[in-house]
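Report on the following structure.
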Amino acid sequence: MRIFILALLFVAAYSPSMPVLAAEAAAAAADDDFSDFDDEFGEEAMQAAGTSKVFDPLRGYNRAMFHFNDKFYFWFAKPLARGYNFIVPKPARKSVNMAFHNLRFPIRFVGSLFQLKFKRVGVETGRFLVNSTIGIGGLFDPAKRWLKWERPGDEDLGQVLAHYGVGDGFPIVLPFLGPSNLRDGLSIVPAIFLNPVIYVADTPTSLAVTTGEQFNFISLHLGEYESMKKDALDPYTFMRDAYKQNREKRIRE
Amino acid sequence: MKRMTTIFLALPLLAGSLTAAEPDKDVKRVKAFVETNITNVLDILKNKKLDKEERKDKVLAIGDVIFDLPLMAKLSLGRKHWPKFEKAERKKFTDLFVTTLKASFLDKIDLITDEAVEFKTPKRKSKTKFEMMTVVVSKDSRYNMVYKVVKRKGKWKIYDVEIEGISIVRSYGAQYSQYLKKHSTAELLDKMSKKSFAQPKALEEKAAEIKKEQAERKKKAK
């Protein structure tokens, strides 16, 4: 007993903050501010959302690739997009973006169908038919404007895999494309075959078209990455966690 | 301190009795609370009669009232890390968190242009918590924004915003928790102050630049 007390005194003497910390921890445990929000921000909830203890075995490569993408964006894509923005007015770029989105209909169709989301299958098909014809190849969106057929959230093959219980594996940063994970990254391969462009053009042309699509998209979203980067203590983990949270939400929908 | 404890103890009871008696009214109140305030913010942002600084001031004034910023700061550190901070550090952390959040928001103001917002009916999450889903619609995109609202001390407050599933509190929290794995609380505060104070500085510089330009224009006009 005496030894115990002595030991306690010893600990107390050498780390005076220890008992204080313990008391603080107890206070925090009883703190209503936390217990009211445990379902959202407690340890379990954070784990489920993928924001605590992330399994990231490729983190070395990921960070390097993140760095590469970052430089590619600032040194190459952004200046080019600025020039493009200067020449092509925003409404035109938006229309181009919509046309590309319309062209990507097969992947959303298959994605919705395999997840047995039949309402989405219907809305997507209806929108594609109307916008491809009356909307001149998807440049305009009469389906939304006149028929009030809103664009549902985009379904893709990664979400199909998740629907059937495939986990996300671990984070992977893809060259040029940015944060992804093993499941979503692999699902890009079959997705290529759902891109109609490859059936009408040869490989270099298809690549050029896809690059143009991404580039046009970037031109409409300049400033967003910069602003996100400013918010983050560590941009790589911030993007990685944000990607995961966003995917979880889209899979749930 | 004692008074605070009593308030805290009485709070759940009070809120409980209120919400149990009139559940539907609360849903309406939450909806009205979010809708009027967010509409106000959008109106201010789109008001071309105000100059940029005026718009920012007005929007931040609304933000101070509708967000429970100290609570958000506390939640972002969570049960695990909050106790590690001493009293003075907690205050400093809260201040830095609020500065960071405000700077981040101001930075994004310029990205808001032609957006309109659709408001859905709030969902009750617990006795005092609600989630209000909104859809931000612009010409070529729509994204979901969820406002999480809680009733505290008789007032409605927003304690988190989720944009396309990405929660502000959770994202900031993950960053702090990651950083604290290898660094001390003091180091975190230091890093935050360097990061967040860099932003207002840039904003100030920009504002000064604009003012200078305006002054020069006036001179030329004379």
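The values are calculated or read from the model by the stated rules, or taken from the named source; none is laboratory data. Given the structure is predicted, the values throughout are model-derived calculations rather than measurements. Backbone-built Cβ (ideal geometry, glycine too); neighbour counts: all protein chains shown. Quick note on the areas: whole protein, heavy atoms, side chains included, nothing else; ligands and nucleic acids left out. Shrake-Rupley method; radii C 1.70, N 1.55, O 1.52, S 1.80 Å.
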Report summary line: Subset of the stretch B:92-132, residues more than 30 Å from B:V27 (Cβ to Cβ), of a type in the set (S, T, Y) and assigned to a loop (DSSP other than H, G, I, E, B), comes to B:T113
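Considering the stretch B:38-51 alone, what residues qualify as being assigned to a helix (DSSP H, G or I) and open to solvent by less than 70 Å² (accessible area, probe 1.4 Å)? Reasoning before the result, please.
In the first step, residues of the stretch B:38-51 are kept if they are assigned to a helix (DSSP H, G or I); the result is B:38-46.
Within the stretch B:38-51, B:I38, B:T39, B:V41, B:L42, B:I44, B:L45 qualify.
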Requested in this report: Could you identify the single residue in B:I163, B:I210 that is modelled with pLDDT under 90, buried (at least 16 other Cβ atoms within 10 Å of the Cβ) and aliphatic (A, V, I, L, M)?
Outcome: B:I163
Requested in this report: Name the single residue, out of those in the stretch A:214-249 being open to solvent by 50 Å² or more (accessible area, probe 1.4 Å) and facing chain B (nearest Cβ under 7 Å), that is farthest from the chain's Cα centre (by Cα).
Outcome: A:K230
Report summary line: The correct count of residues that are of a type in the set (K, R) and in a loop (DSSP other than H, G, I, E, B) in the stretch B:143-183 is 1
Query raised in the report: open to solvent by less than 60 Å² (accessible area, probe 1.4 Å), within 23 Å of the chain's Cα centre (by Cα), modelled with pLDDT of 75 or more and at the interface with chain B (Cβ under 7 Å from one of its Cβ atoms), is that true of A:F37?
Result: no
Requested in this report: Could you figure out which of (1) open to solvent by 60 Å² or more (accessible area, probe 1.4 Å); (2) more than 11 Å from chain A (Cβ to nearest Cβ); (3) within 17 Å of the chain's Cα centre (by Cα) isn't true of B:I66?
Outcome: (1)
Query raised in the report: Within the set of pairs 6 or more residues apart or between chains, which connect a residue that is free of Cβ contacts under 8 Å to residues at least 24 places away in the same chain and at the interface with chain A (Cβ under 10 Å from one of its Cβ atoms) inside the stretch B:93-112 to a residue that is assigned to a helix (DSSP H, G or I) and open to solvent by 30 Å² or more (accessible area, probe 1.4 Å) with Cβ atoms less than 7 Å apart?
Result: B:L111/A:E224
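Give B:L203, B:L188 a once-over and let me know the one that is modelled with pLDDT of 90 or more and part of a helix (DSSP H, G or I).
Working: B:L203 fails: modelled with pLDDT of 90 or more.
Selected residue: B:L188, the only one of B:L203, B:L188 that is modelled with pLDDT of 90 or more and part of a helix (DSSP H, G or I).
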Requested in this report: State whether one or more residues within the stretch B:76-91 are under 21 Å from A:F238 (Cα atoms), at pLDDT 90 or above and either open to solvent by 30 Å² or more (accessible area, probe 1.4 Å) or of a type in the set (A, V, I, L, M, F, W, C) (or both).
Outcome: yes
Query raised in the report: Does B:S126 satisfy being surrounded by fewer than 19 Cβ atoms within 10 Å (Cβ to Cβ), of a type in the set (G, A, S) and either more than 10 Å from chain A (Cβ to nearest Cβ) or without any contact (Cβ under 8 Å) to a residue 24 or more places away in the chain (or both)?
Result: yes
Requested in this report: Answer with yes or no whether B:V149 is β-branched (V, I, T), free of Cβ contacts under 8 Å to residues at least 40 places away in the same chain and either more than 9 Å from chain A (Cβ to nearest Cβ) or surrounded by fewer than 17 Cβ atoms within 10 Å (Cβ to Cβ) (or both).
Outcome: no
Requested in this report: Could you please let me know if A:V54 is in a loop (DSSP other than H, G, I, E, B) and among the β-branched types (V, I, T)?
Outcome: yes
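Only residues that are over 24 Å from A:L139 (Cα atoms) and surrounded by fewer than 18 Cβ atoms within 10 Å (Cβ to Cβ): list them for the stretch B:129-143, please.
Residues of the stretch B:129-143 that are over 24 Å from A:L139 (Cα atoms), as a first pass: B:129-134.
Matches in the stretch B:129-143: B:E131, B:M133.
Within the bounds of the stretch A:100-115, is there any residue that is of a type in the set (K, R) and open to solvent by 30 Å² or more (accessible area, probe 1.4 Å)?
Yes, there is a match, as at least one residue in the stretch A:100-115 is of a type in the set (K, R) and open to solvent by 30 Å² or more (accessible area, probe 1.4 Å).
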Query - Matching entry among B:K120, B:K56 (being touching a strand residue (DSSP E or B) at 6+ places or on another chain (Cβ under 6 Å), surrounded by fewer than 20 Cβ atoms within 10 Å (Cβ to Cβ) and of a type outside the set (F, W, Y)) - result: B:K120
